Structures are given as C-alpha cells and as structure tokens.
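Report on one structure; see the data block that follows.
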Amino acid sequence: MGDPAAPRFELTTRQYPQTIYSTGSLRLDIALGIGGIPGGTIVEFDGSEASGKTTLAYHLIAEAQKSEGVCAFIDHDRGFNPDFARRCGVNVEQLYFSQPEHAEQAFDILSTLASAGVFSIVALDSLSAMVSYQELNRPLSVTANKISNDSPETDLELLALSLRRLSGILHRTGTCVLFTSQSDRRMSTIYHQLAAHPARLALKLNASIRLRLSPLSNLVSDGQVIGSRIHARVIKNKFSPCLQPIDFDIIQHQGIDKTGEVLDLGVRCKVVQQKINGIYFQSERLGKTSSEANRFLNQNIIVRNEIEKAIRRLLIPEIYTAAA
C-alpha cells in the first residue's frame, strides 16, 4: 500500500470556454479544436495582402450576431465594405461602427467597448494602418525627411499598454477582441532585437489564438476568376493543440464557401453518402452531382446545418460532451 501521507492527484475533466463563435469556415473551426473562437480572449489574424483577414472577421461577426451577440467594428484601415459585409452575413444595421483618426483614439474606443460588458466581438482592422497623433500632426517637411525603415515604436507601446489594460478585463466581460495585422517582411530581422523592443511581443504574448493566413491560388470557373483559396495555419492556441494547416475558399461577392466545406467533409466523414444514383444525407436526396448537391444545400440551409452538426459531433466530440 502507498503512503497515506503522500499527496494525491486526481484527473479532472478539461474545461472549455462556455461561449464559442464559429469563424464561418467549418474546416477552420475543426482545426482550432474547440469549434471556433472563444469569448473573453484576444485573437490575431495575421497575413499578407488579400489573404482574407477582413473577410474572416466579417464571418466571425456574422456568426456572433446569429447568437444575438452585439458586435463592433473599428475600421482604422478605411476599407469597410458594407455590401460585402452583408453578403458575408453581417447585420450592418445592428453593427457598431467607428473610423478613428489616429491610434490613440482607436485604442481608447477599443478599451471603452471591450470593458462595457455588452459586446461579444470587437474587431480592429488593422494594426498595420495605425498612425499616432504625433506622427499625424508632424509637418510634411519633417515627414519627408524621415527614414523610411524606422519602426513605429510609439504605436507598439500604445498597443502594449492597451493590451495590459484589456487582459484583466476580458475574462470578466466575455468580449472577444480581434486584431488584424499585415505580415511584415522585416520581421525576421526585427525579432533579433527583441531585448531592446519588448513592446513587439505584446500582442503575441497576450493573444490566446493567432492565425496566419496566406493566399494560395485563384479559383477559376469558365475562364474567369471567381475567388481565391486561402491557406490558414494556427500558430498559437491556448485551448487546444495546433492541428495541421487547412485551406478554405473565398468566393467573390459571397464570402467563405461554407456549403462546399460541409459537403466535402460530409462525404469524407461518411455523414453524407455518395451513391450511384445520387448524393444522400440520411433519406434526403441532395442531388445527382456535387454541383447539384451544393445548389440544394445553398437553398436549404436547415439541411446544411444538420449535416454540419453531425460533422461537429463526429470530429469535435469533446465540445458536445462538455456542453451536455
């Protein structure tokens, strides 16, 4: 028999976040391991130009609004497209929107909204467009003579200070703060001097989830480009191990091709049966070909949602077990 005075260790069930918002991409939700983006966290979408960062933010806001969540979008990049946001599912009339003039104003708005306790998602697009008040009001003659490769230390210090304030608030308010940022080619040389620039690590240390996006190829139909394929890699995830990278499609004037993902994963997981005379989900005939099944699911969202639920139960069973 063991020593009764020895310490005893008991295995406990893993705790998952209570509120999880889908990213709009089923493949990405599964790669995150918990079915989406949890509330009360700081998230970063990093990538090059035209890599789908803002589109993914639109879909995340749309999914939060479906759960009756209140969302805000801080457009520092001046690139908000209300028509495209609507096609991604965003209820623009119910979206709190702001276009700050400088970085200090943007971070003040972000801190106020995130600490209010009523918002589900607060997105800031993007960090790459940040300009401080001091630099914005600098004479043009001084700006023209400024060395082009100077690093914006003022903006990084503002970001570090803002994150320091938010980190202790978000877990109480349950608000998810999302940052989009553009990849910098000089990052490999910059990070050799981290000891002299600790503010550069602020977002990377405070973010619970970080995604890196990059465009792979164009989607072509009948000789015309209809969208792009995006490569997504989870480079940090505090809630689940980072799984293998995934690819998802963004269709022009539509957003993420969720129906195509549901159909493809359904066939691979054998939730959807592909028979000789057609494609079936349980006793429901979706169509004879993949294009017909895709068209059917776009017109019957209820059936698509049932297939998606079956796939999630099969590929992320821990989430449904914890929820039950």
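At-a-glance table
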read-out: Members of the range 247-268 found to be among the hydrophobic types (A, V, I, L, M, F, W, C) and within 19 Å of ALA310 (Cβ to Cβ), listed by number; value: VAL262, LEU263, LEU265, VAL267
read-out: Where a residue in the range 76-101 is farther than 11 Å from ILE61 by Cβ and touching a residue at least 40 places away in the same chain (Cβ under 8 Å) and its partner, wherever it lies, is aliphatic (A, V, I, L, M) and part of a loop (DSSP other than H, G, I, E, B), with Cβ under 7 Å and at least six apart; value: HIS76/MET130
read-out: The range 35-64, residues that are closer than 21 Å to LEU166 by Cβ and either among the acidic types (Asp, Glu) or assigned to a loop (DSSP other than H, G, I, E, B) (or both); value: GLY36, GLY39, GLY40, THR41, GLU44, ASP46
read-out: Scope the range 234-274; condition in contact with a helix residue (DSSP H, G or I) (Cβ under 6 Å, 6 or more places away or on another chain) and charged (D, E, K, R); matching residues; value: GLU261
read-out: Cross-chain or 6+ apart pairs with Cβ under 7 Å, the range 114-125 first and among the small types (Gly, Ala, Ser), then surrounded by fewer than 23 Cβ atoms within 10 Å (Cβ to Cβ) and in a loop (DSSP other than H, G, I, E, B); value: ALA114/ILE169; SER115/ILE169; SER120/GLY39; SER120/GLY69; SER120/VAL70
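Readers should treat all values here as calculations from the given coordinates under stated rules, not as data from a laboratory. These figures come from a predicted structure and were not determined experimentally. Glycine gets a Cβ as well: all are built from the backbone with ideal geometry, and neighbour counts include every protein chain shown.
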